[in-house]
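Accompanying notes for the structure given below.
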Amino acid sequence: MSPEERVQAVRLMGFTDRQAGFLVTVMLYAGVCLGRHYCTFARIAYGRKMHEFFERLLARGYVTARPCGHNRARLFHIHYKPLYRAIGQVNNRHRRPMALGRAIERMMVLDAVLADRERTWLATEDEKLTHFTLVHRIERRDLPALTFRAGDAETTRYFPDKLPIGVGGDGSAYVFLYLLNRDLPVDFRGFLERHAELLRLVPGWTVRLLVPRHKTDAIPLYRAAFREQLTTPVDPAVVDDLRWYFRARQRRPDASDERFDQAARAFGAPRFQSLYRAWLQRGDGVVDAAVSRVLADSVAWETGRFEAYVLPHSYARLFTLADCA
């Protein structure tokens, strides 16, 4: 469904265009919101119109509310199945109950989307697959993916990080969001590896790190991880040794293997640990691609960028409530 079709489908359930557009946005990107999110979306003052809108949603049973513990603010969860069915997302995970900590993280992503409404944002796996395979004719094998195996069954999920991707007005400049939710960038390195091949194939891109105010001290670590993972090609002279090490590590070598011990020391940096996890998923092509200078050149020419966006709202009190819960 197109964005316009989704808004129209929700509008037919008794909402204005503005209300329908907001509900669609929340359902696609978070599933949860605060009253201030509606005020930001609708560009209205915090007051009667906002309260009447959410009271109506509560009365209809479309949302549930939980207190945030300060200023009488409430956290609203949109869970009404017919609303999700109307936008073609009846099985969307945002409809299901979620822990408070996860709800806060999703609100951070919603804040980032609402702060950059000039872009078209791709929310779902199907939207992202359709866009990149049709607009840029990128093969599925080059898209971010994780493959899950159980016995003889195999399932591949594309864009498994489930984070919005912004498309510029001319369709060429992409923004890939990533939420900083841990002090160390271990998961961020995996995110970069999964997206590396796609970044090599699109004409312009930005990795936008979403940073809560209480996590700003971690920005330098994430910036360094970005440089190591994407802009520092692997030396071609060590590629054969790296492949051997990955294969030996997968086989779990004997503890007395001296060559393996030397390789483990040589390739013990976090960058290679992330590369190994990607290799387990996608094979030797990951190592071959790591030699390429395409991403380093993109950053040097400023068609590829890293930026840290400090979120304007404070979530520390909400996280304190989550810890208590």
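The values are calculated or read from the model by the stated rules, or taken from the named source; none is laboratory data. Because the structure is predicted, anything quoted here is derived from the model rather than measured. Heads up, the Cβs are rebuilt from the backbone with ideal geometry, glycines too, and the neighbour counts pull from every protein chain shown. All accessible areas refer to the heavy atoms of the entire protein, side chains included, with ligands and DNA or RNA removed. Shrake-Rupley method; radii C 1.70, N 1.55, O 1.52, S 1.80 Å.
With respect to residue 223, is the statement that it is open to solvent by 90 Å² or more (accessible area, probe 1.4 Å), assigned to a helix (DSSP H, G or I) and in contact (Cβ under 8 Å) with a residue 12 or more places away in the chain true? Spelling it out, residue 223 is indeed open to solvent by 90 Å² or more (accessible area, probe 1.4 Å), assigned to a helix (DSSP H, G or I) and in contact (Cβ under 8 Å) with a residue 12 or more places away in the chain. Residue 293 fulfils the conditions (1) out of contact with any Pro (no Cβ under 6 Å at 6 or more places or on another chain); (2) farther than 30 Å from residue 32 by Cα; (3) of a type outside the set (Phe, Trp, Tyr); (4) open to solvent by 80 Å² or more (accessible area, probe 1.4 Å) except for a single criterion, (1).
Would you call residue 165 open to solvent by 10 Å² or more (accessible area, probe 1.4 Å), within 30 Å of residue 100 (Cβ to Cβ) and modelled with pLDDT of 95 or more? No. Residues that are of a type in the set (Gly, Ala, Ser), within 20 Å of residue 106 (Cα to Cα) and at pLDDT 95 or above: does region 12-28 have at least one? Yes, because at least one residue in region 12-28 is of a type in the set (Gly, Ala, Ser), within 20 Å of residue 106 (Cα to Cα) and at pLDDT 95 or above. In the condition set (1) in contact with a strand residue (DSSP E or B) (Cβ under 6 Å, 6 or more places away or on another chain); (2) part of a loop (DSSP other than H, G, I, E, B), residue 26 is compliant with all but (2). When residues in region 269-290 are screened for being open to solvent by 40 Å² or more (accessible area, probe 1.4 Å), more than 19 Å from residue 187 (Cβ to Cβ) and outside any helix (DSSP H, G or I), 1 of them pass.
Considered as a group, the residues in region 184-220 that are acidic (Asp, Glu) and closer than 25 Å to residue 137 by Cα include one that is most open to solvent (accessible area, probe 1.4 Å), and that residue is 197.
For residue 253, the requirement of being open to solvent by 40 Å² or more (accessible area, probe 1.4 Å) and in contact with a helix residue (DSSP H, G or I) (Cβ under 7 Å, 6 or more places away or on another chain) is met. For the criterion of being touching a residue at least 60 places away in the same chain (Cβ under 8 Å), within 26 Å of residue 126 (Cα to Cα) and under 21 Å from the mean Cα position of the chain (by Cα), residue 94 passes. The residues in region 122-147 that are open to solvent by 50 Å² or more (accessible area, probe 1.4 Å) and over 14 Å from residue 194 (Cβ atoms) can be counted, and the count is 7.
Among the numbered conditions (1) over 23 Å from residue 139 (Cβ atoms); (2) surrounded by 18 or more Cβ atoms within 10 Å (Cβ to Cβ), the only one that residue 258 does not meet is (2).
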